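Input: a single structure, listed below in structure tokens.
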Amino acid sequence: MEEKLKKTTLMQLEVGLPTKMIVSIAIMSALIAFVYVFHIPNPNMILIAGLVLCSALYGFGGGIIAAVIMFFYTLFFFSTNNSFTQFTPQNLQKVGVSLIGIVADMLLVCFLKMTEVHAFKEIKALTGKLKQETEETKLELEKETQYTTELTELMGSMSSMLTNMPAMSFSKDAQTGVYLACNQAFAQYAGKTKPEEVVGLTDYELFDPATAEHFVEDDKKALTMDGSYIFFEDVPNASGSILRSLQMTKKKYRDASGRICLLGMCVDVTETTRAKAEQVARQVREEEEKEKQELESFYKKDVERLSYQASHDELTGLYNRFGYDFLISEVELSSVYLLMVDVDDFKSVNDTYGHDVGDRVLIKIADTLKQTFRANDCICRIGGDEFVVVMVHAHTGLRTLVKSKVEKVNRALAVTSDGLPPISVSVGITYGSEASDAIELMKLADLAMYRLKRNGKQGYQFSDDK
């Protein structure tokens, strides 16, 4: 019946207002285009059909849109030169008549639409209610029919679950100690193939005397308690050959006849206990290893820190004399330029501006040397105002380059925009092949530097220059 109602009429279409407006505009636009292109002498009859269709489809949502469009086209059609505002008396009368017809047709069809939609909704609601009541009645009948079957299946499932669950379960007469029921897991633990072989027997008939006596003592403790008696113990199986760790739960109850009984459940936790012990041992090992690594890391960082402090100048961050001695021992002397750098008149800087400014001057010199020379060249501060630059992988053809770098350093140190006084350095230079060892190499550079200072300071002096 509901399917037939859905196919009764197009007037039952229910869409949103935007869709109603778009479809109504499309219908009226198509009709206006038709009457305009084909010069229909009396277009109102065709447009009235569009108005009726939109009102019938969408009620007021479509009817009002169609009426407005038709009214504006009527103004366009009957106005003088399609001006919308100028009309002859006769055409103005036609516009008035058309407006009345448009409004009357739209209202009539829209109210009919409202009546039909209301009636359809009532029928639909009654049909839905009737269907719902029918379904509810059918479901109640099905539930009543299935109740007995489901109850029987549930009882069978519970019995099967208790019989086959891995945890051992049993019940026994509290007075005689005779087993009344058990599941398959308990039967296998007791050395039997099925539960029926356990029913009617006592602990003394199933287990060795010591184990049986142990179980009976546990039963006595459980019978003295109102709640559950839960405990852990290691017990052998019926043959006494395998020791298992069990979590035991025992609780007294009364059966349907009023007899006091004992319900028991045993969960074999042997593997769980072993796995937990292994996990704890593994965690202990991991924590010990972590502590060992943290300790090693701490000592390593401490050694690195001490090594850095021992080999570096605290003020400038450059290698100190100890660091220089180590570095010079690791390089090939025959391919290095060694530059002995001494700050000119540094004492006067300290005396005039103070030691804080003097420290800033030393830092500036260190930064300037690092920016001027290559990244792999070794720059050291070996004394208060003495620096050493070891240019590695060098050759005598770099002599001009070495000169230009010293000149660049002095130009940078002469700049005072950083608030520091202008300074200069005197540099003694020697090539590695001129000396037999590191001590002689430094001595030659040092002599060249002092020769330069005697001749006016600021600049460079090669040791082989006479």
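Each reported figure results from applying straightforward, stated rules to the coordinates on display, with no laboratory input. Keep in mind it's a predicted model, so treat the numbers as computed, not measured. Cβ coordinates were reconstructed from backbone atoms using ideal geometry, including for glycine residues, and neighbour counts include every protein chain displayed.
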Next on the checklist: Under the rule a/c < 1.5 gives rounded, and otherwise a/b versus b/c splits prolate from oblate, where does region 2-134 land using the Cα gyration tensor?
Outcome noted: prolate
Item to check | Set 194/220; 290/370; 143/251; 143/172 screened for pairs whose C-alpha atoms are more than 32 Å apart | outcome: 290/370; 143/251; 143/172
Checklist entry - Can you give the relative contact order of region 413-466 as a percent, counting alpha carbon pairs under 8 Å and 6+ residues apart? => result 38 percent
Next on the checklist: Taking the 0 to 90 degree range and rounding to the nearest ten, how far is the long axis of helix 89-164 tilted relative to the main principal axis of the chain, both from C-alpha atoms?
Outcome noted: 80 degrees
Next on the checklist: If you take every residue apart from residue 177 with its C-beta less than 9 Å away from the C-beta of residue 177, what net charge results, scoring Lys and Arg +1 and Asp and Glu -1?
Outcome noted: -2
Checklist entry - If we count every other residue with Cβ under 15 angstrom of residue 416's Cβ, Lys/Arg +1 and Asp/Glu -1, where does the sum land? => result +2
Checklist entry - With the Cα gyration tensor of region 327-466 giving a ≥ b ≥ c as the square roots of its eigenvalues, does the rule (a/c under 1.5 for rounded; else a/b larger than b/c for prolate; else oblate) give rounded, prolate or oblate? => result prolate
Checklist entry - If packing is taken as the mean number of other Cβ atoms within 10 Å per residue, what is the order of 456-462, 267-273, highest first? => result 456-462, 267-273
Next on the checklist: Given the DSSP H assignment, sum -39500 (n - 2.57) over each helix run of at least 4 residues in the chain and divide by its residue total; what's the result at 222 nm in deg cm²/dmol, nearest 500?
Outcome noted: -20000 deg cm²/dmol
Next on the checklist: Testing the spin-label approximation: label points 7 Å from Cα along Cα→Cβ at residue 25 and residue 288. State their distance in nm.
Outcome noted: 8.3 nm
Checklist outcome for this item: Taking 245, 463 and counting other beta carbon atoms within 10 angstrom, the fewest-first order is 245, 463
Checklist outcome for this item: Relative contact order of region 168-268 (C-alpha contacts under 8 Å, at least 6 apart) in percent is 27 percent
Next on the checklist: Please compute the contact order of the chain in relative form: average sequence separation of alpha-carbon pairs under 8 Å and at least six residues apart, divided by the residue count, as a percent.
Outcome noted: 8 percent
Checklist entry - What FRET efficiency, computed as 1/(1 + (r/R0)^6) with R0 = 51 Å and r the Cβ-Cβ distance, is obtained for residue 132 and residue 208, rounded to the nearest 0.05? => result 0.15
Next on the checklist: Between 0 and 90 degrees, rounded to the nearest ten: what's the tilt of helix 399-413 against the longest Cα principal axis of the chain?
Outcome noted: 70 degrees
Item to check | Percent of Cα-Cα distances greater than 41 Å, calculated over the chain | outcome: 69 percent
Item to check | Order by protection proxy (mean Cβ within 10 Å, highest first), peptides 94-102, 218-226, 126-134 | outcome: 94-102, 218-226, 126-134
Checklist outcome for this item: Measuring from the longest principal axis of the C-alpha atoms of the chain, the long axis of helix 209-223 (C-alpha) lies at a number of degrees, nearest 10, equal to 70 degrees
Checklist entry - So how far apart, in nm, are the two label points at residue 253 and residue 34 if each is 7 Å from Cα heading toward Cβ? => result 8.3 nm
Item to check | Virtual spin-label span in nm between residue 279 and residue 398, 7 Å along Cα→Cβ | outcome: 6.4 nm
Item to check | Highest-first arrangement of 189-197, 333-341, where packing means the average Cβ count within 10 Å | outcome: 333-341, 189-197
Item to check | Space enclosed by the convex hull of the alpha-carbon atoms of region 168-268, per residue, Å³ | outcome: 89 Å³
